[in-house]
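One structure is given below, encoded as C-alpha cells.
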Amino acid sequence: LNQATENKWITSSMGGEVRPDVQPSAFSFWPGGSGTIDNMKACIEMEHTTWTLDQSSQSYPVSDANVAAAVRLMGYELSVNNAYYTPTSSGITTVGVKVSNDGVAPFYYPWTVTLGLKDASGNVVKIWETPWDLRTVMPLKIRAFPDWGVGPDPTYLNFGSPQYFQASVDVSSVAPGPYEWVLRVKNPLEAISPNAKKLGFANASQGSDGWLGMGPTTVAAVSTPTPPPS
C-alpha cells in the first residue's frame, strides 16, 4: 500500500511463498487463522493470489478440504452466464456470450477464444477464432483493505461486471442439420504438447475436451431464389 501498488494485480499475476515455518499447518485453521497463522482466506483475497509456493504441500493429504478450498479460491473463476444466438441460422449469424468472474484475480493471458459447432456425434465440424479478450473480465467483488477506510468494516466491495462478447460467423459451409454451439479457450502450448492444460469455465456444461457447451441450434439450408419466369 505504501508503494501505491495495491492494484498491480489487475495486470500482473500475484503470488509468493508461504512462510516456511508455518507451511505444515498454514491451512489447518481455514478460513481464519490461529496464533502465528494468519487468516489465509483474507490473505488470498487481498493479495489476489493466483499462485503460491509451499513445499510442504507435498505432504498435505489429498483429502484435505481446507487446502482444496484455498486452491479453488486462488486466481480466476470464469463463467458464461448467458449465450445469445438464433435457434436457426444460415449464412452469416451472430453469436454472443456474457462472461463473469467470481474469482480473486483476472485471467492474465491473451489466449484465443474459439467458437465451434458440434454435431450429434460430438464432433466439432467448424471453428471460428474470435478477437475476444478474457483479460477484461475482472472479479465481480474484491476484499477491502482496512486501510481504505471505506465504511464500517466492509469486507467486500463491488469491482468488475460481466463482459459481453459478440462475433459474426458464416455457417454457409456447414451442412444443414442440428448442432450445438461450443466455445473453448486455446492454450498456446497445445501447438507443442497434446497434454497442455485446458482453461475450464465454471459451468456444468464444460467438457473435459476443453469445449464448453452453450446450447442447441439448427443450421438451415440456404435457399436459392427462384428466377422469375421468362
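The values are calculated or read from the model by the stated rules, or taken from the named source; none is laboratory data. As the structure is a computational prediction, the values presented were derived from the model and not from experiment. When we count neighbours, we look across all protein chains shown, and the Cβ atoms used for this are built from the backbone with ideal geometry, even at glycine. Quick note on the areas: whole protein, heavy atoms, side chains included, nothing else; ligands and nucleic acids left out. Shrake-Rupley method; radii C 1.70, N 1.55, O 1.52, S 1.80 Å.
Quick check on PHE107: is it outside any loop (DSSP other than H, G, I, E, B), under 30 Å from ILE10 (Cα atoms) and under 20 Å from the mean Cα position of the chain (by Cα)?
It is false that PHE107 is outside any loop (DSSP other than H, G, I, E, B), under 30 Å from ILE10 (Cα atoms) and under 20 Å from the mean Cα position of the chain (by Cα).
Among (1) polar (S, T, N, Q); (2) under 28 Å from THR94 (Cα atoms); (3) not in a strand (DSSP E or B), there is one condition SER168 misses while meeting the rest; what is its number?
Exception for SER168: condition (3).
Return yes when GLU45 is open to solvent by less than 60 Å² (accessible area, probe 1.4 Å), among the charged types (D, E, K, R) and in contact with a strand residue (DSSP E or B) (Cβ under 9 Å, 6 or more places away or on another chain) and no when it is not.
yes
Quick check on VAL150: is it on the phi < 0 side of the Ramachandran plot and not in a strand (DSSP E or B)? Walk me through it before giving the result.
Values: on the phi < 0 side of the Ramachandran plot: yes; not in a strand (DSSP E or B): yes.
Taking the combined requirement at face value, the residue satisfies it.
Being open to solvent by less than 10 Å² (accessible area, probe 1.4 Å) and outside any strand (DSSP E or B) is the filter; apply it to the range 68-102 and report the residue that is nearest to LEU199 (Cα to Cα).
GLY75
Between a first residue in the range 69-88 that is touching a residue at least 24 places away in the same chain (Cβ under 8 Å) and under 13 Å from SER205 (Cβ atoms) and a second residue that is surrounded by fewer than 17 Cβ atoms within 10 Å (Cβ to Cβ) and not hydroxyl-bearing (Ser, Thr, Tyr), which pairs have beta carbons less than 6 Å apart while being 6 or more apart in sequence or on different chains?
Sorted first by the residue in the range 69-88, then by its partner, the pairs are SER79/ALA202; SER79/ASN203; VAL80/ASN203; ASN81/PRO162; ALA83/GLY215.
Which is under 16 Å from the mean Cα position of the chain (by Cα), within 27 Å of GLU47 (Cβ to Cβ) and modelled with pLDDT of 95 or more, of VAL182, VAL137?
So the residue among VAL182, VAL137 that is under 16 Å from the mean Cα position of the chain (by Cα), within 27 Å of GLU47 (Cβ to Cβ) and modelled with pLDDT of 95 or more is VAL137.
What pairs can you find where one residue is in the range 128-148 and closer than 20 Å to GLY103 by Cα, the other is open to solvent by less than 50 Å² (accessible area, probe 1.4 Å) and β-branched (Val, Ile, Thr), and their Cβ atoms are less than 8 Å apart, with a gap of 6+ or different chains?
Matching pairs, first to second residue: TRP132/VAL113; LEU134/VAL99; LEU134/VAL113; LEU134/VAL185; VAL137/VAL99; PRO139/VAL104; ILE142/VAL104; ARG143/VAL104.
Suppose the filter is over 25 Å from the mean Cα position of the chain (by Cα) and either acidic (Asp, Glu) or open to solvent by 20 Å² or more (accessible area, probe 1.4 Å) (or both); does THR50 pass it?
No: the conditions fail for THR50.
Name every residue in the range 114-147 that is open to solvent by 40 Å² or more (accessible area, probe 1.4 Å), among the hydroxyl-bearing types (Ser, Thr, Tyr) and closer than 22 Å to GLY215 by Cβ, in order of residue number.
Within the range 114-147, just SER121 meets the criteria.
Restricting attention to the range 8-47, and to residues there that are under 26 Å from the mean Cα position of the chain (by Cα) and among the basic types (Lys, Arg), which single residue is nearest to ARG135 (Cα to Cα)?
LYS8
Looking at the range 170-197 only, could you name the residues that are closer than 21 Å to TRP132 by Cα and of a type in the set (Val, Ile, Thr)?
Answer for the range 170-197, where residues must be closer than 21 Å to TRP132 by Cα and of a type in the set (Val, Ile, Thr): VAL171, VAL182, VAL185.
Kindly list the number of the only condition in (1) open to solvent by 90 Å² or more (accessible area, probe 1.4 Å); (2) over 24 Å from TYR108 (Cα atoms); (3) not charged (D, E, K, R) that fails for SER208.
With respect to (1) open to solvent by 90 Å² or more (accessible area, probe 1.4 Å); (2) over 24 Å from TYR108 (Cα atoms); (3) not charged (D, E, K, R), SER208 is out only on (2).
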